[in-house]
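Single-structure report; data block below.
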């Protein structure tokens with residue numbers, strides 16, 4: 001009798017675990033993973049360009065907005081993007097164009113982000129030269 005109950009509980013557990021595993025979403029990998037990997041050396045060069053400026057890009061989290069503190073050269077950049085990547089929820093990823101960012105004085109409203117972990121990638125181009133910075137932050 002005890003063996004039968006143990007076997008029934010084990011089978012119930014396995015069926016439940018299988019159903020959970022099938023329904024669980026795994027969104028930890030970017031859609032363009034391989035394309036981004038091929039651009040890796042280019043990103044390294046862009047990081048070196050930013051480092052040569054001597055002024056890092058920093059972010060300040062405030063109650064109403066996330067503020068970007070950029071070197072003066074990058075504030076006048078020709079183009080660029082700010083990518084917001086949410087590691088655990090791909091549907092919340094978004095991108096902000098450079099002109100939109102300049103119009104908002106380099107701030108992003110907190111309600112647009114919500115709470116949680118974000119990986120923020122900043123890419124800017126000035127006079128044909130690229131600059132890149134990546135930040136990991138936890139919005140509260």
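Could you tell me how many degrees, from 0 to 90 and to the nearest 10, lie between the Cα long axis of helix 40-53 and the main elongation axis, the longest principal axis, of the Cα atoms of the chain?
Computed tilt is about 50 degrees.
Counting each DSSP H run of 4 or more residues in the chain as -39500 (n - 2.57), what helix-only mean residue ellipticity at 222 nm follows after dividing by all residues, to the nearest 500 deg cm²/dmol? Working shown, then result.
Values: 6 runs with 56 residues, N = 140.
Estimated from H runs of four or more residues: -11500 deg cm²/dmol.
Pick out which of 39, 92, 117 has the largest mean-square fluctuation in a Gaussian network model of the chain, springs linking Cα atoms closer than 10 Å.
39
Which residues among the stretch 44-78 fall inside the zone where the amide N is under 16 Å from a point 7 Å beyond the Cα of residue 137, along Cα→Cβ?
Under 16 Å, as judged by backbone N against the label point of residue 137, lie 56-71 of the stretch 44-78.
If the elastic network links every pair of Cα atoms under 10 Å, which of 19, 57, 44 fluctuates the most in the Gaussian network model of the chain?
Its mean-square fluctuation being the largest, the pick is 19.
If you rank 125, 40 by fewest surrounding Cβ atoms within 10 Å, what's the result?
Lowest to highest Cβ neighbour count: 40, 125.
Taking the Cα atoms only, what angle lies between the long axis of helix 2-23 and the longest principal axis of the chain, rounded to 10 degrees?
The angle comes out near 30 degrees.
Determine the relative contact order of the chain: mean sequence separation of Cα pairs under 8 Å and six or more apart, normalised by residue count, in whole percent.
Value for the chain: 23 percent.
What length, rounded to one decimal in nm, is gained on full extension from residue 72 through to residue 125, with 0.36 nm per residue of separation minus their alpha-carbon distance?
17.8 nm is the gain from fully extending residue 72 to residue 125.
Laboratory data are not the source of any read-out in this text; all were calculated from the coordinates shown. Predicted, not measured: the structure shown is a model, and the values here were computed from it. In this analysis, Cβ positions are derived from the backbone assuming ideal geometry, glycine residues included, and neighbour counts consider all displayed protein chains.
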